[in-house]
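The values are calculated or read from the model by the stated rules, or taken from the named source; none is laboratory data. The structure presented is a predicted model; accordingly, all values stated were derived computationally and were not measured. Please note: Cβ atoms are built from the backbone with ideal geometry, for glycine as well, and neighbour counts cover all protein chains shown.
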Amino acid sequence: MVPVDILDTTPNIILIVDSDMKIIEFSGKAEDYFHVSKSKASEMYLYEIIDSMDFEKVLNTHEPIIGKKVTYPKLNLTTLQSIVYVEKQNAVL
């Protein structure tokens, strides 16, 4: 797992989800932008917060998506996403 202090100090939104799209890591900035606490997020699936289609694609193909611009109108948020497969955990970052 990613050390907690990195997740709390990075200016980036960082999410790690398992093969079921269950959230297993959620950075401090993710809390800020998605308006969900880490403790609540750890009980949720990614698709409950945002569209998980690209994350599922990376999980299934193991091919990364780098620098994709994605807008979430309901959150008034535009992101530049890089999504990669984490082989050792069969997860997506």
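General remarks:
- Reported count of residues in segment 53-78, each being farther than 19 Å from residue 11 by Cα and either of a type in the set (Lys, Arg) or at pLDDT 95 or above (or both), is 14.
- Subset of segment 36-57 (residues that are outside any loop (DSSP other than H, G, I, E, B), of a type in the set (A, V, I, L, M) and out of contact with any Leu (no Cβ under 9 Å at 6 or more places or on another chain)): 53
- Residue list for segment 61-93, restricted to those being on the phi > 0 side of the Ramachandran plot and assigned to a strand (DSSP E or B): 67
- Selected residue (criterion: surrounded by the fewest Cβ atoms within 10 Å (Cβ to Cβ)) from residues of segment 58-81 that are of a type outside the set (A, V, I, L, M), touching an Asp or Glu at 6+ places or on another chain (Cβ under 8 Å) and within 15 Å of residue 16 (Cα to Cα): 62
- Filter result (without any contact (Cβ under 8 Å) to a residue 12 or more places away in the chain and either surrounded by 13 or more Cβ atoms within 10 Å (Cβ to Cβ) or closer than 19 Å to residue 89 by Cβ (or both)) within segment 1-39: 3, 4, 6, 31
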